Amino acid sequence: MLKDLKVVFMGTPEFSVNILEELIRETKVIGVVTQPDKVKGRGNKVTYPRIKEVALEHNLKVLQPIKIREDYQDILDLKPDIIITCAYGQIIPEAILNFPKYGCINVHASLLPELRGGAPIQHAIIDGYQETGVTIMYMDKGMDSGDIISTSKTEIKEDDTYLSLHDRLSLMGSRLLIETLPSIIKGENKRIKQDTNEVTFGYNIKREEELIDFNKSIIEIYNQIRGLNPEPGAYFLLNDKTVKVYLSEKIIDNTYQDKENGEIVKLDKKGLYIKAKDGLIKIEELQMEGKKRMDIASFLNGQREELVGIIVNRS
């Protein structure tokens with residue numbers, strides 16, 4: 001049944017790769033829609049969206065409209081049975097939503113109606129969620145507001161980072177999608193309306209949300225650091241230079257109550273210790289501005305005890 005299903009897939013980042021590859025194995029993918037190429041670096045090198053690279057490896061037709069609201073006829077001309085999206089990055093016009101006979105469905109990395117938006121994985125960790133998951137849903141003209149078809153849950157572990165949770169949810173999403181497609185084709189699935197009273201949002205991370213505020217609790221800071229690891233990376237300012245933090249540990253310690261929040265109180269081979277509202281954040285892996293990511297031992301090669309007493313985020 002699935003082998004004859006004509007699918008147009010729409011996606012852009014790494015998260016959507018597993019979903020596309022699973023669709024290629026199980027269905028008839030007739031086209032891939034992704035964001036336009038970008039020009040990066042001093043050499044103005046053209047870089048492809050990750051999903052385009054995968055599509056070209058499988059000799060699939062690739063469409064990259066700049067504004068899909070204005071440029072979608074080529075997608076309709078492919079005459080798909082179904083359109084499947086995953087982290088595409090643009091609002092889909094109703095002309096596309098209403099076209100395929102089996103509709104347009106989306107793979108979203110949260111348990112809707114929680115964490116609608118473009119950064120649900122980061123926010124699940126940053127906001128202290130105990131569990132999250134993947135939702136397969138029918139698309140409508142709203143943002144992640146369509147009827148739910150199926151879900152799959154996973155616990156958020158104490159040591160999960162954005163990367164580890166991202167990879168787990170991507171695999172879960174690809175499996176759940178293939179399990180769900182037969183019910184969509186047969187029209188046997190139950191459409192569950194989202195409870196608007198339970199809606200939360202996981203909007204794209206803003207630059208100011210990446211800055212660590214050491215006036216917050218150690219659990220809030222710890223969650224922020226791991227929720228932004230490896231990208232875009234939480235950071236603080238040390239002598240006016242950006243220091244990104246990737247690995248940390250929260251330590252309950254009342255020894256330094258006389259110190260200011262944000263003050264470096266200790267530095268040893270195990271970590272850089274900074275006072276927060278209710279304890280210490282021990283930083284174990286970081287990246288100084290203009291340098292490579294390093295563990296604390298490598299950091300110590302260039303820094304000494306004179307850092308103790310400095311208060312970060314001060315210009």
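Things worth noting here:
- Each Lys and Arg contributes +1 and each Asp and Glu -1, all at the Cβ; summed about the Cα centre of the chain, the dipole is approximately 760 debye.
- Taking the number of Cβ atoms within 10 Å of each Cβ as an exposure proxy, the fewest-first ranking of Lys250, Lys206, Lys292 is Lys292, Lys206, Lys250.
- Averaging the Cα positions of each part gives two centres, and for region 167-242 and region 102-116 these lie 13 Å apart.
- Helix-derived mean residue ellipticity, 222 nm - over the chain, DSSP H n ≥ 4, -39500 (n - 2.57), to 500: -6500 deg cm²/dmol
- Contact order, relative form, for region 179-278: 23 percent (alpha carbon pairs under 8 Å, 6 or more residues apart, mean separation divided by residue count).
- In terms of other Cβ atoms within 10 Å, Cys104, Cys86 run from fewest to most in the order Cys104, Cys86.
- DSSP-defined antiparallel bridges as percent of all bridges, region 2-198, nearest 5: 50
- The angle between the Cα long axis of helix 17-26 and the longest principal axis of the Cα atoms of the chain comes to about 30 degrees, rounded to the nearest 10.
- Comparing Asn301, Asn239, Asn98 in a Gaussian network model of the chain where C-alpha atoms under 10 Å apart are linked, the largest mean-square fluctuation is found at Asn301.
- Lys, Arg +1 and Asp, Glu -1 on Cβ, resulting dipole of region 207-307 about Cα centre, debye, nearest 20: 300
- Contact order normalised by residue count of region 2-198, Cα under 8 Å, 6+ apart, percent: 20
- Isotropic mean projected area of the C-alpha convex hull, region 1-132 (nm²): 9.7
- Reach of Lys275 by Cα under 14 Å, taken over aspartates and glutamates that are not fewer than 8 positions away in the same chain: Asp213, Glu220, Glu249, Asp253, Asp258, Glu260, Glu263
- Cross-link pairs Lys28/Lys193; Lys157/Lys292; Lys40/Lys206; Lys244/Lys282; Lys157/Lys193 - those with Cα-Cα distance over 24 Å: Lys28/Lys193; Lys157/Lys292; Lys157/Lys193
- The rule of thumb for compact globular proteins, 2.2 N^0.38 Å, goes into the C-alpha radius of gyration of region 24-81 1.28 times.
- Rg/Rg_globular for region 115-240, with Rg_globular taken as 2.2 N^0.38 Å and Rg from C-alpha atoms: 1.21
- Across the options Gly11, Val46, Gln73, the greatest Cα extent toward the positive end of the charge dipole of region 1-73 (unit charges at beta carbon of Lys, Arg, Asp, Glu) belongs to Val46.
- Rg/Rg_globular for region 207-307, with Rg_globular taken as 2.2 N^0.38 Å and Rg from C-alpha atoms: 0.98
- Region 9-48 - Rg and Dmax from Cα coordinates, angstrom: 13.1, 41
- Order of Ile221, Ile96, Ile84 under a 10 Å beta carbon neighbour criterion, fewest first: Ile96, Ile221, Ile84
- Projecting the Cα atoms of Leu56, Leu177, Gln194 onto the charge dipole of the chain (Cβ charges, centred on the Cα centre) puts Leu56 farthest toward the positive pole.
- In plain terms, the C-alpha convex hull of the chain casts an average shadow of 18.5 nm² when viewed from every direction.
Coordinate-derived values only; no laboratory data. The structure displayed is predicted, hence computed values, not measured ones. Every residue, glycine among them, receives a Cβ derived from its backbone with ideal geometry; neighbour counts consider all protein chains shown.
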